[in-house]
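Read the structure below first, then the notes.
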Amino acid sequence: MSKSENNIASYAIIGFGKIGRALAKAFARNGIKVSIATTRNPESFAPDAATIGTEIIPTTLAEAVKADVIFLAVRFESHPDVAKMLSTWQGKTIVDVTNAYGVPPEELGGQPSSKFVAQAFTGGKLVKGFNHLGAAILDQNPAVNGGRRVVFLASDDEGAAAEIGVLAENLGFSPIKLGGLSEGGLLVQARGNTWGQLIFKDLVKFD
């Protein structure tokens, strides 16, 4: 599942709840293959994946983490379980779709949640994104009245943000980069019982 000879990246979504399914639909809608994994046996959710499209490939967690780009669509509390699957995430881009709403800031050492998540994925490049929309909105076709639904991206690695920006466009969205995880990225992160200011804002960009 590493990059092939024509340098096409491989993709995986960890988590197949409402957000994971919404992301899978975006891939299927645009004919882009993506692996799906949970802690469950792939056969248990293969029928659900098949209803979304042939581009959705049920697989094991151990196989999914071999992908170049990995969407972390699990509960915030579950991210360490995914992170320990590999000793190093060197060369991989992790898209943090989690929301740490309700997690006491002191448990995160006062850091933004995405910074905390990034520390768990040693060597990887983390991009906060696709997390500000509710599942029911993310599930919809992002083409809206001649415009494209906005997704916000934040990262301390400009190259990774650019890479996921291109992917977002290929999935039909209009990406807007917010800067670093501790800067504009705070607008799309929950802190304690407070949502970031851009969370749940459903915006459409018209070119």
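Just so you know, all these numbers are worked out from the coordinates, no wet-lab data involved. Fair warning: this is a prediction, and the values are worked out from it, not measured in the lab. Counting neighbours? That spans all protein chains shown, and the Cβs are built from the backbone with ideal geometry, glycine included.
Quick look at the values:
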| quantity | calculated |
| --- | --- |
| For Thr60: the one exception among (1) in contact (Cβ under 8 Å) with a residue 12 or more places away in the chain; (2) exposed (fewer than 14 other Cβ atoms within 10 Å of the Cβ); (3) of a type in the set (S, T, N, Q) | (2) |
| Odd one out for Ala50, checked against (1) assigned to a loop (DSSP other than H, G, I, E, B); (2) free of Cβ contacts under 8 Å to residues at least 60 places away in the same chain; (3) more than 21 Å from Thr122 (Cα to Cα) | (1) |
| Residue, nearest to Val204 (Cα to Cα), within segment 121-162, restricted to residues that are free of Cβ contacts under 8 Å to residues at least 60 places away in the same chain and among the β-branched types (Val, Ile, Thr) | Val150 |
| Count of residues meeting criterion [farther than 28 Å from Phe200 by Cβ, within 17 Å of the chain's Cα centre (by Cα) and part of a loop (DSSP other than H, G, I, E, B)] in segment 60-96 | 7 |
| Strands (runs of 3 or more DSSP E) completely within segment 97-207 that count 3 or more residues being surrounded by 22 or more Cβ atoms within 10 Å (Cβ to Cβ) and of a type in the set (Val, Ile, Thr) | none |
| Residue check for Ala67: aliphatic (A, V, I, L, M) and out of contact with any helix residue (DSSP H, G or I) (no Cβ under 8 Å at 6 or more places or on another chain) | yes |
| Selected residue [farther than 16 Å from Ser114 by Cβ and within 12 Å of the chain's Cα centre (by Cα)] from Ile32, Ile52, Ile56, Ile13 | Ile13 |
| Subset of segment 174-184 (residues that are closer than 29 Å to Gly146 by Cβ and out of contact with any Gly (no Cβ under 6 Å at 6 or more places or on another chain)) | Ser174, Ile176, Lys177, Gly179, Gly184 |
